[in-house]
Amino acid sequence: MFDPLLHQSIRSKLVSLLIANDELPFKALKEALDVTDGNLSSHLSKLEKKEYIIIEKTFEGKRPKTVIKISSVGRDAFVTYIEALKQFIQEN
């Protein structure tokens, strides 16, 4: 069965970017996915709620910096999702 949270194109791309990079700043994700701040924040909130990602907010000097990391739960969920996709393709 497909994970409904990951079976959405922006979220699956987002998680795959994090798996490839371990962590990325909010701005880099926004640019890579070509989405608005609000749209990205909405997707991140859903992933954070399921503990697929970890959001760290810090400051560089006086400027806020948000970094997003993939969690082990998120990594495992994505692997399971990809395996379900492979199985679906092989069966159809």
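Rounded to whole Å and sorted largest first, what semi-axes of the equivalent ellipsoid does the C-alpha gyration tensor of region 1-43 yield via the square root of 5 times each eigenvalue? Display every interim value, and only then the final one.
Values: eigenvalues 62, 35, 10 Å².
Those come to 18, 13, 7 Å.
For Ile53, nonlocal amide neighbours, meaning residues 5 or more places apart or on other chains whose placed amide H falls under 5 Å from its own, are Glu48, Ser71. A DSSP coil position with no more than 11 other Cβ atoms inside 10 Å describes the following trypsin sites (Lys or Arg not before Pro) in the chain: Lys62. FRET efficiency for the pair Ser41 and Val79, taken as 1/(1 + (r/R0)^6) with r the Cβ-Cβ distance and R0 = 25 Å, rounds to 0.45. Cross-link check: pairs Lys46/Lys86; Lys13/Lys46; Lys13/Lys50; Lys46/Lys69 evaluated at a Cα-Cα cut-off of 22 Å; pairs beyond the cut-off: Lys46/Lys86. Treating each Cα of the chain as one equal point scatterer and applying the Debye formula with no solvent, the log10 of I(q)/I(0) at q = 0.12, 0.15 Å⁻¹ comes out as -0.38, -0.56.
Estimated from helical segments only, the mean residue ellipticity of the chain at 222 nm is -19000 deg cm²/dmol, where each DSSP H run of four or more residues counts as -39500 (n - 2.57).
No lab work stands behind these numbers, since they all come straight from the coordinates. Because the structure is predicted, anything quoted here is derived from the model rather than measured. Every residue, glycine as well, gets a Cβ built from its backbone with ideal geometry; the counts of neighbours run over all protein chains shown.
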